[in-house]
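Please read the structure below before turning to the comments.
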Amino acid sequence: MSAEQMSALIERRLQAYLSDARIPPHLAEVMAYSVMAGGKRLRPRMLLAACDMLHGDVERALPLACAIEMIHTYSLIHDDLPCMDNDDYRRGKPTNHKVYGEGFAVLAGDGLLSYAFEIMLEAALANANDSAYLKAVDAVAKGAGVHGMVAGQACDLVNERQPAGDAQTLRHIHENKTGAMLKAAVCAGGYAAGGDETAIRALEDFGTAYGLLFQITDDILDVEGDFARMGKTLGKDASADKLTYVRLFGLETAREKAQAAACDARAALAVFEDRAAFFLALIDQTLARKS
Ligand code: GRG
C-alpha cells in the first residue's frame, strides 16, 4: 500500500472515530479540535508502514494507528497546559486550553487517552484468536505510560531549571518522553503483522535509534526552526532551562549525534532489505526536517 493511501486511511478513520454520536457533542468538538489540527501523523504512519513492511493487513492495524495518534494528541494537549509547558500555539493554532479553557483541555486529553484504549481493545476482542494483536496493544500501553512517555515527561519536569545535567539523564528523558511512543508505533505495527522475534527486535532497535534522531532534531529546531513551519512557539527549551542536546553539547555536536543516530536507525533496518524503503526515506526526511 502506498504512503498516500495509508495517510488517507488514517485521516478518514480518525474522523469517523471522532464523529461517534455517542460522545457528548462539546467534548467531541474539543477532542477533534486538536486531533484534526493538522499534525504530521508520524506515529500512525510508522505503525501502518511497519505492518505493511512485514506483509501484514494494514486495515486491521488501523485502530492501533488511530489510537496512537489520539494518545500522542492527548500528550500534546496536556503538555501545553499552564501547569506544564504553558504554550499558546500548537499545530499552527491556538492551544486547546486557549480556545476551550483548562477544564475542557484536561477532559479532552483524558477522553482521547481512554477512547484510544477502548478502540484498541474493541479491535483486540474482534481478533480474539490472535494473541499478537494483544501484544500490539501492550506495546502501545507501555510506550504511553509509566514505563514510557509519562515516565519521560516526569523526568523532564524534575530536571527543569537544574543547572547541572548529564548525557545519561538526557538520553533517558528522550528515550522515554519521545522515543517510547515512536518505538511503540513500529513494534505495534510489527506485532499486528504477526512479526517474528527477529523482526520485533529489529523494530525495537530502529525505534530507539529513530526516537533519538527525532528528538535531537526537535532540540535543534527549537533553536533554529521558524514558527510558521513548526506551528508552535520556539525557544521554549532555553527559556525553561530544559536539558537538551543543544544545551549539553552545542549545535554542531548535536548535529553529529543526529547523524550517528540516523546510522544506527539504518543499520537496524538491514534485516528488512528492500522492504524498508518507507523508513529509510523517513530517516532522510527527519535529518532534513523543518517542521
Ligand atoms: C503530558 C504525559 C505528557 C507527556 C507529554 C509529547 C510530550 C510528552 C510533550 C510534547 C513536547 C515535546 C516537544 C516533545 C518532544 C517531541 C515531540 C513529541 C514533538 C511533537 O511531535 P510531532 O512533531 O508533532 O510528531 P505533530 O504535531 O506533528 O503530531
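Here are the numbers for this structure:
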item	result
Kirkwood Rh, angstrom, the chain [1 / mean 1/r, Cα pairs]	19.2
Fewest-first sequence of K135, K242, K40 by Cβ atoms within 10 Å of each Cβ	K40, K135, K242
Those GluC sites (Glu not before Pro) in the range 113-191 that DSSP places in a loop and that have at most 15 other beta carbons within 10 Å	E160
Euclidean distance of C-alpha centroids, the range 237-291 and the range 85-144, integer Å	26
Anisotropy class of the range 57-112 from Cα gyration tensor, a/c 1.5 cut	prolate
Inter-label distance, nm, simple model (7 Å from Cα along the C-beta direction), C263/S19	4.9
FRET efficiency estimate (nearest 0.05) - Cβ-Cβ, L248 to E122, R0 30 angstrom	0.10
Karplus-derived 3J(HN,Hα), 6.51/-1.76/1.60, for each residue of the range 25-41, Hz, glycine and proline x	x, 5, 4, 4, 5, 5, 5, 5, 3, 7, 5, 8, 7, x, x, 6, 6
Fluctuation leader among S34, S131, S75 - the chain, Gaussian network, Cα springs under 10 angstrom	S131
Gained length - M84 relative to D284, 0.36 nm times residue gap less alpha-carbon distance	68.8 nm
Partner lysines for K290 [C-alpha distance under 25 Å; skip if fewer than 8 residues away on the same chain]	K40, K93, K177, K183, K232, K236, K242, K257
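Read the figures in this text as sums done on the coordinates, not as results from a lab. Fair warning: this is a prediction, and the values are worked out from it, not measured in the lab. Backbone-built Cβ (ideal geometry, glycine too); neighbour counts: all protein chains shown.
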